[in-house]
Every structure is written in C-alpha cells, then in structure tokens.
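Nothing in this text is a laboratory measurement; each read-out follows from the coordinates by a stated rule. Bear in mind the structure is a predicted one, so any value in this text is a computation, not a measurement. Cβ atoms come from the backbone with ideal geometry, glycine included; neighbour counts cover every protein chain shown.
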Amino acid sequence: MTDATANAAVPMGRKARRSLLEPIVLGVALALIVLFSTTIPGFASLGNLSVILSNSTSLVILACGMAVVVISRGLDLSQIAAMVAGATTFSTLINAGLPAAAALALAVLAMALIGFVNGWLIAFVEIPAMLATLATAMFMTGLFRFGVLRGDYLLILPKSNPAVVFFKSDLLPGLTAPVALMIVALVVTGLVLRFSTTGRIIYGMGDNFQAARLSGLPVRNTIVFVYVYSALAALLAGLVIASASGTVDFRIVTNGSLLFEVILVVVLGGIPLRGGRGGVRNLLVGAALIAVLRNGMTLYDFSTQTQDMLKGVILMAAIFVDNYLNPRDAETDTAGDL
Amino acid sequence: MSNTGRNRLMGTIAAFALGACVALGATAAARADAASDMAGKKVIFVPISMGITLTEGWARRMREHAATHGYSFDVRDAAFNTGAMSELLAKAISEKPDVLVVHNPTVQLLARQIKQAQAAGIKVLQINLQSNQPSNAFVGANWTRIGTEIAQDIVKECGAGSGKSGKVAIIPGQLTAADSVMMNEAAFKVFKDHPEIKVVSNQASDWEPEKARQITATVLQQNPDLCAIFGHWDVHTIGAGNAVKDAGLSGKVLVYATGGGEQGEACKAIENGTLSAEWSYDADGQGRDAGTMIDLLLQGAAAPGGAMLIAESPLKVIKAGPDYDPSLCWKMPPKK
C-alpha cells in the first residue's frame, strides 16, 4: 500500500532493490500457521484468532508509532516508558474522581509534551535519537514513579470506571474496543505516511536526511511531529493494556521485553532501521509473525525464557537474511546504520 | 488488624522469642541494657523493589522497631533491577552494618554476596525469599507448605469426584525465584498422586499482570474447561483473573494466588471476583517478625551450631464465598 510512496522517495534505480524480507517473513508466518494448525488442536479456530488479535492490539498500536519514527530514521526507546506514564496519568486522574473525558484530554496533553521534548532534543539540541529517548525514558520512569505514584510500582484500576469499561467493551458484536482502536491506529498511520505532506517528508528524511534538509524541507518540525505521534500511540496502547489487565505496572518498562517486541515487529516486517522505506503493510506482516509465534509457543507451553530465546534467534535470522539479500553498497554505507 | 489477628501475632512473636532463648522474665534493668545495646547500631535493608505493598509494609514495621530502640535503618531500593541490586548489596557490605536484611530475587543471584557479608562479620537476615546460601536468620513464608496446601485444595476442587476437568494452569513469577521453585516442586509432588490433575500450562509471567493476562487468555481459549489457575503472586495473578472474567468464566475457573494480604490487592480482588482464594503470609505481620528478629540479632541471638534462626510466617487463607472474612487483610496507611 505504501510502497508507491516509499519508492517515489527513492531514486529510480533502487526499485529493483526493495527489501525481500517482507515476503520471507510472510512465508514464515504462513508456514507457522500451517504447522500450529496441524499440531495444536484448536489453534485454527475463530476463538483463537480473537485471542491472537486481542493479545496483539497494544503491540500493533505501539508499532504504528515506532514505524513512523523508524521510517524517518529515528528510534524511540522511550515508547514503553511513555506508555506506562500515559496510563499512569490517566489512571491517577480517574482514581482522583475526574471525568474520563477530562482525564483523557490531560493525558493526551502530557504525552504530547513528552513527545515534544523528545523531538526538540533530537531536532534542535541535535542529540542522537537513541541517547535522547533513552534519557527521557529514564527521566519519565523516575518522575512518574516518585512524583506521581509517590514511589509505588503498581496502580490498580477501578474496574467499574466508565473509561475502563469502555476500553474492554464490544463496540459491535465480535469487535472489541481495543481491536477497533488498533484498526484506527493502522488506518491513521497509513494515511499519514501515504497521503500527507508530512508523510512525504518523513520518507525523504529517512532516505537521505542531508538532502531533505538542504532542499529546504522542514525536517526539524517533522522530527518533533514523529516523536509526538509515537508518544500518542504509546498512550493509546497504555490505555488498552491498563484496562485489560486492570493494572498499571512499571515492571513492563524495567523488564524491557515489550520494547524489544515492538522493534522486532517493525524490523521483521521489512522496515529497515536506517529508515526511508516501508509502511503499514510491513507492520502487519511483522505483527502477524510475532502474534502467531507468541500464541503457538504459549499453547506449546514453552517457558518464558525459551520464548524470549526463540524471538531473539528470529530477529538475528531476519537481520542475517536481510543483509544477505540486500548487500551493502556505497549508498547504504554512507547512510549509516543504527 | 482484628484483635484476634493481633493476639495471634503476639503469640507467635512471644513463642519465637522463647525459641531464640531470650529470657522473658527480664528485669527492667536488663531491658534498659538491651535497648542501649541496640542504640547507634546500623541496619540496611536491600529489597528487590520498594513501591509494592509487600516491601513497604515490611519497611514500615522495621522502621518502627529501629525508632523504638535507637538503631539506624536504611533502605536501598533496587527497583526490580538485579544488576543494581548486586551493586547496592556490595556497597552495603562495604559500609559494615550490624545487620543486613536481604530480599532475594532468585535462589542464586546474591548467594556469594551473602557469604561474603557473613565472612565480614555482618549478620544477614533473609526476608521471605531465600537464597541457596544459608545465613544467620530467615523471616518469611514456608513456600513448600503454601504450594502443598494450594495443590491439595486444587485436588479437592478439581480432582476425582469433583466432576471437573482436572485441568490446572500454573503461572509462576520467574522460574528461578525461590517461591516459584519451591511452590512448583511442592505442587507437582501433590499432583503426582492424582493423575486426574493435568497441568496444561506452566509459564512464568515475569511478575507482569499483562503477561499473565495474555497467557491466561490463550490457555483458556484452548482449555475452556480449565478448572483452576495457580498464580504465584497476587499482583500478577490479578491479570490472569481479569482474563478469566473477560472469557465469562468467573466462578467456573478458580483463581488461586499467594501474597502479602494487603487489603487493596488481596481482599479487593477477592471481593470483585478477580481472585477466588489467597494464601496470605501477612506482610504486616512479617514486618513485625523481621523487626523483632533484627532486635534479637542486634542483642546477639544466634541459633546453636551456626544454624539459621527461622521465623515462619503464619498463613491466613482468604477465600471468596460465605466464609469470606475481610478482616484477614491488613491495610497500608495512605502516604502523607
């Protein structure tokens, strides 16, 4: 869907060299579906499909934000911290008796501010994205744990609150609010990347940042935009997770496995970390592989450690295959990698 | 805490003090000596993390003891970071406190440092989660007993003659954490004699409620006739309980957990149907046991032959249903 845009932003001769990772990952995902369907009774059922969907909503929403950042040749390591900070802001406010709409508006403002700080540090102070977002992640975790939760690690949400009820409800028969929000996030991300001027600039920056800057594109404002977008996606994912599990828990930040999975979804789908290429379709492919793999491994009753190990092996294999199929040339070398 | 609860706790502490060879009939003068012995001494507590009712509850009681007897009490918060925890412990050892209170994330991680601290003449009290390395004292739950009792209850509810499937899902925190290791071992020992019980899933949640929720949602889809879930800690088991609720199986799938028995976590979850039963080791009571144990260690108490002084926490079984008793939970006072 977004390949046209991606290819439009790169020189003509590069068309033939588009990443082959996406079809390979799609093939592996399909192979896994066949394998699990034949070896696990009940894997190929509508019920299991709805579990796979509901278990991957927050991951896909986060990946929408991360994809936009990565395509612009950035990286947002503060995303999970922002997710928990957003959920904390919202939950603290509704626990304090504020109406859900006001709590949501304030949470959106707070997260936009966090995204703005990230973008400002990267665009105007010119700190590398990895360092800037790592610093804001640590700052946010500390601030929210000690400033807002006053040292607590965990916040338990009142299940009766209308906002919590909304995030768990069925909007239509079979369509839950989290799944609907995931679809909205995917559509909005697709529209921004494909049809907006900002989207074009994002691809331009990812493909050749200096050229984009020298040709007079507003690269600094666009950097601020992508980090605000990522923070807002994080807030949405945080609300979905908090309502589903009934808790806001800072260990999700310190354990670190969710951030790894988000980057995994983006990279596996075929969005290279050096940016400039890829779109929503790549996200869907990456997410499909991770969601199916996670579900199958849980049904096989693999231990959590084994699951983490297998995911690591898959990431390494993907990077290996990507490097083999897309060997470096003068252009990609000068672009640099993360 | 109710009067009966307090009396029971007092009884435990009195019995424990007896066991530690402290003369109950001490004169007022002797008491004054003991107090001055403790004054000015130094105690450092290195928890896995503050900010959870368990450790906050312990620290609150230990601090009370320190204030009463005039010794210092410092908390070094590792904030769930095991790397930071080893460093904090190394620094604490270098400060040569009189007593070091350690909360082990796994049975192995801090073993060497505990040995090192003892070699340096520091008395080490392990709290609730043991290491492989024995030390001067342990205050905490008997995990083998909890694992056995919960497994026996599961057999009663789901085993032969219950008409249920006998399917059980276990959700440990981390497979190498002391409580998970011991509870799993004890539970599987019970289940071995009951072939009708089938453990369909045994996957760690890394203590995260959301991970526990996702695992449970997947397992329930595959086994809608699941009879019971055995979550190793109430905090992450709340996520599992929510998955059971979302699947519309409340009341059909029993959700067991263990925990510190704090009102907001344990009793509230039982009242709103997220948990079915909690084996509580009463964190508030444990805090007082730990405070008393520190007092005794500072006065020179030691088990004969270098063995470990052990204060096993009495258990409170909090169950939903007609016998539900909210007074079994304790309440963390709001922060000022």
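For region A:113-126, 3J(HN,Hα) computed residue by residue from phi via the Karplus equation (6.51, -1.76, 1.60; θ = phi - 60°) reads 5, 4, x, 4, 4, 3, x, 5, 4, 7, 7, 9, 7, 6 Hz, glycine and proline entered as x. Where q = 0.07, 0.09 Å⁻¹, what log10 of I(q)/I(0) comes from the Debye formula for the protein assembly as shown, counting one point per Cα? Each listed q corresponds, in turn, to -0.51, -0.81. Exposed loop sites here are trypsin sites (Lys or Arg not before Pro) in DSSP loop states with at most 13 other C-beta atoms within 10 Å. What is the longest stretch of chain A lacking them? Free of exposed loop sites, the longest segment is A:151-327. The residue among A:Leu35, A:Ser169, A:Met297 whose Cα reaches farthest toward the positive pole of the charge dipole of region A:20-325, with charges on the beta-carbon of Lys, Arg, Asp and Glu, is A:Ser169. Shown is the FRET efficiency for A:Arg220 and A:Leu106, computed with R0 = 41 Å from the Cβ-Cβ distance and rounded to the nearest 0.05: 0.90.
Per residue of chain B, the DSSP helices (runs of n ≥ 4 H) give a summed -39500 (n - 2.57) that works out to -13500 deg cm²/dmol at 222 nm. Taking amide hydrogens as placed 1.01 Å from N in the peptide plane, the amide H of A:Tyr153 sits under 5 Å from those of B:Ile52, each at least 5 positions away in sequence or on another chain. Estimated purely from DSSP H runs of n ≥ 4, each contributing -39500 (n - 2.57), the mean residue ellipticity at 222 nm for chain A is -23500 deg cm²/dmol once divided by its residues. Remark: B:His236, B:His194 ranked as B:His194, B:His236, counting other beta-carbon atoms within 10 Å and listing the fewest first. Residues whose amide H falls under 5 Å from that of B:Val101, counting only those 5 or more places apart or on a different chain, are B:Ile44, B:Phe45, B:Val46, B:Leu125, with hydrogens built in the peptide plane.
In order along region B:37-46, the Karplus-derived 3J(HN,Hα) couplings, from 6.51 cos²θ - 1.76 cosθ + 1.60 at θ = phi - 60°, round to 4, 7, 4, x, 7, 10, 10, 10, 10, 10 Hz, and Gly and Pro are given as x. Put a dot 7 Å past the Cα of B:Lys198, heading toward its Cβ, do the same for A:Ile183, and the two dots end up 3.6 nm apart.
Dimensions of region B:143-280 along the principal axes, based on C-alpha atoms and rounded to the nearest Å, stand at 36, 33, 23, largest first.
In this rough spin-label picture, where each label sits 7 Å from Cα along the Cβ direction, the A:Phe116-A:Ala31 distance is 4.9 nm. Across region B:321-334, computed HN-Hα scalar couplings (Karplus, 6.51 cos²θ - 1.76 cosθ + 1.60, θ = phi - 60°) run x, x, 8, 4, 10, x, 6, 6, 8, 10, 10, 6, x, x Hz from first to last residue, x flagging Gly and Pro. Residues whose amide H falls under 5 Å from that of B:Phe73, counting only those 5 or more places apart or on a different chain, are B:Val43, with hydrogens built in the peptide plane. Expressed in Å, the radius of gyration and Dmax of the Cα atoms of region A:108-260 are 17.8, 54. Can you classify chain A as rounded, prolate or oblate using the Cα gyration tensor, where a ≥ b ≥ c are the square roots of its eigenvalues, rounded means a/c under 1.5, and otherwise it's prolate if a/b beats b/c and oblate if not? Oblate is the answer for chain A, as a/c is 1.5 or above yet b/c matches or exceeds a/b. Between A:Leu143 and A:Asp170, the modelled labels are 4.1 nm apart [label points 7 Å from Cα along Cα→Cβ].
Electrostatic tally near A:Gly246: other residues with Cβ closer than 14 Å to its Cβ, Lys and Arg +1, Asp and Glu -1, net -1.
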